[in-house]
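Engineer: There's a structure below that I have some questions on.
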Amino acid sequence: MKELTLELALKMLEAAERWARDIAGFQCSIAVVDKSGAVIAVHRMDGAGMATTDIAIEKAWTAVAFKMPTLMGSRWLDPRNIGKLIGDHAMGMIGRGKGRLCFIPGGIPVADEENEVIGAIGCSGVPSGVGDISDTTVSQAGITALYE
Amino acid sequence: MMNLEIAKKVLQTGIEKAKEMGRVCSFAVVDENGWLVALHRMDGAPTPTVDIARDKAWTAAAFRKSSSEVSRYGDPRAPGFGLNAQNWNERLTTIPGGLPIWDGTRLIGAIGISGETPKEDVIICQNILKDIFREERDLHPERRKPRKKYGRR
């Protein structure tokens, strides 16, 4: 699995959609990007908000650009850390990356066997804080499909 | 109403058509308001084609006509002149390759294809419409009336 192809991307999208529809019960948008951050496939489920496609793409882009889940980056933008002497915040991130950076949890990079990042998946539209149901878990469902 | 099921069918057909022709492209399907529903980039298609396909689909849905026809607004004799110079929307494009999808008299969405020459993009678009929506032409029958000529009385 050196490269993320359209076939693999669709497999991930199918699994993530099924998870979001049958288990989470929320409509959302899911995007898959390759290792350069270019979009491979985007799906918006029926009933999902119209802005969610763009946010899903941005989450996936950020995940592949930083090679880490956006959940980890969201910690940087925690306003509770502002003003602390050794504050763990990076408010300067806001507006960087030509407006494509998005540190909302929901984007996860995809790695191959050699631990090289080959792409990312991003999801938007699921309200967070409902137990295990969140954008991140929908993306995880998509990644799990790669290893089936 | 556009939904993901129709959009997936459109994209699948489009990929088959492109493979038959031996081409690689990007495909975008938007709903009746121009918002993205599904987007696929075939393996090997250049990365900017994603955005161009989306722009074409947006233009086709927003103006309810094929994206190449929007260039008519660049004609100084036409009433819509100025659209091209105004640069009011980054999605506006006049490159051929975006076609609206009609269901009877209702607009349900639009397709945008980018990747090969504009002519081939339009051919793939029309083949999809013909296959799925049984449309002989890309325009709605009511809109087939001959256009008025501007500037001359």
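Engineer: Got a sec? Which of A:Thr62, A:Thr53 is outside any loop (DSSP other than H, G, I, E, B), of a type in the set (S, T, N, Q), touching a residue at least 24 places away in the same chain (Cβ under 8 Å) and at the interface with chain B (Cβ under 10 Å from one of its Cβ atoms)?
Structural biologist: Details: A:Thr62 fails: at the interface with chain B (Cβ under 10 Å from one of its Cβ atoms).
Within the list A:Thr62, A:Thr53, the selection yields A:Thr53.
Engineer: While we're looking at this one, here's another question. For the stretch B:5-44, which residues satisfy the criterion of being over 19 Å from A:Leu10 (Cα atoms), outside any helix (DSSP H, G or I) and charged (D, E, K, R)?
Structural biologist: Those that are over 19 Å from A:Leu10 (Cα atoms), outside any helix (DSSP H, G or I) and charged (D, E, K, R): B:Arg23, B:Asp31, B:Glu32.
Engineer: Let me ask you something else. Output the residues belonging to the stretch B:1-35 that are among the β-branched types (Val, Ile, Thr) and within 11 Å of chain A (Cβ to nearest Cβ).
Structural biologist: B:Ile6, B:Ile15, B:Val24, B:Val29, B:Val30
Engineer: Somewhere in the stretch A:88-101, is a residue within 11 Å of the chain's Cα centre (by Cα) and modelled with pLDDT of 85 or more?
Structural biologist: no
Engineer: Any chance you could count how many residues in the stretch B:13-38 are under 15 Å from B:Asp121 (Cα atoms) and not β-branched (Val, Ile, Thr)? Even if it seems obvious, please write down each step before you answer.
Structural biologist: From the stretch B:13-38, those under 15 Å from B:Asp121 (Cα atoms) are B:13-29; that's our starting set.
Filter again for not β-branched (Val, Ile, Thr), leaving B:14, B:16-23, B:25-28.
Going through the stretch B:13-38 one residue at a time, the tally reaches 13.
Engineer: Of these, A:Arg75, A:Arg80, which one is basic (Lys, Arg), surrounded by fewer than 22 Cβ atoms within 10 Å (Cβ to Cβ) and within 16 Å of the chain's Cα centre (by Cα)?
Structural biologist: Result: A:Arg75 is the single residue among A:Arg75, A:Arg80 that is basic (Lys, Arg), surrounded by fewer than 22 Cβ atoms within 10 Å (Cβ to Cβ) and within 16 Å of the chain's Cα centre (by Cα).
Engineer: Could you tell me which residue of the stretch A:22-47 is surrounded by the most Cβ atoms within 10 Å (Cβ to Cβ), considering only residues that are touching a strand residue (DSSP E or B) at 6+ places or on another chain (Cβ under 6 Å) and more than 9 Å from chain B (Cβ to nearest Cβ)? Steps first, please.
Structural biologist: Of all residues in the stretch A:22-47, those touching a strand residue (DSSP E or B) at 6+ places or on another chain (Cβ under 6 Å) come to A:24, A:28-35, A:39-44.
Those left that are additionally more than 9 Å from chain B (Cβ to nearest Cβ): A:24, A:28, A:30, A:32-33, A:35.
Details: A:Ala24: 23, A:Cys28: 29, A:Ile30: 36, A:Val32: 30, A:Val33: 33, A:Lys35: 18.
The selected residue is A:Ile30.
Engineer: Moving on. Does A:Ile23 satisfy the criteria of being farther than 10 Å from A:Cys123 by Cα and of a type in the set (Val, Ile, Thr)? Before the answer, list the steps.
Structural biologist: Working: farther than 10 Å from A:Cys123 by Cα: yes; of a type in the set (Val, Ile, Thr): yes.
Yes; evaluated as a whole, the condition is true for this residue.
Engineer: Let me ask another. Here is a check on your reading of the model: is A:Val126 under 21 Å from A:Met12 (Cα atoms), crowded, with 22+ Cβ neighbours inside 10 Å, within 14 Å of chain B (Cβ to nearest Cβ) and not charged (D, E, K, R)?
Structural biologist: The answer is no for A:Val126.
Engineer: Under 9 Å by Cβ, and 6 or more places apart or on different chains, what pairs join a residue from the stretch B:36-50 that is facing another protein chain (nearest Cβ under 7 Å) with one that is of a type in the set (D, E, K, R) and assigned to a loop (DSSP other than H, G, I, E, B)?
Structural biologist: Listed pairs, sorted by first residue: B:Val37/A:Asp46; B:Val37/B:Asp31; B:Met42/B:Arg23; B:Asp43/A:Glu3.
Engineer: Could we say that A:Trp19 is closer than 13 Å to A:Gly142 by Cα and either charged (D, E, K, R) or more than 14 Å from chain B (Cβ to nearest Cβ) (or both) here? Steps first, answer last, please.
Structural biologist: Details: closer than 13 Å to A:Gly142 by Cα: yes; either charged (D, E, K, R) or more than 14 Å from chain B (Cβ to nearest Cβ) (or both): yes.
Yes.
Engineer: Considering A:Val138, A:Val110, A:Val126, which residue is aliphatic (A, V, I, L, M) and part of a helix (DSSP H, G or I)? So that I can check it myself, show each step before the final result.
Structural biologist: Numbers: A:Val110 fails: part of a helix (DSSP H, G or I); A:Val126 fails: part of a helix (DSSP H, G or I).
Matching residue, one of A:Val138, A:Val110, A:Val126: A:Val138.
The values are calculated or read from the model by the stated rules, or taken from the named source; none is laboratory data. This structure is a prediction, so every number in the text was calculated from the model and none was measured. Positions of Cβ are backbone-derived with ideal geometry, glycine not excepted, and every protein chain shown enters the neighbour counts.
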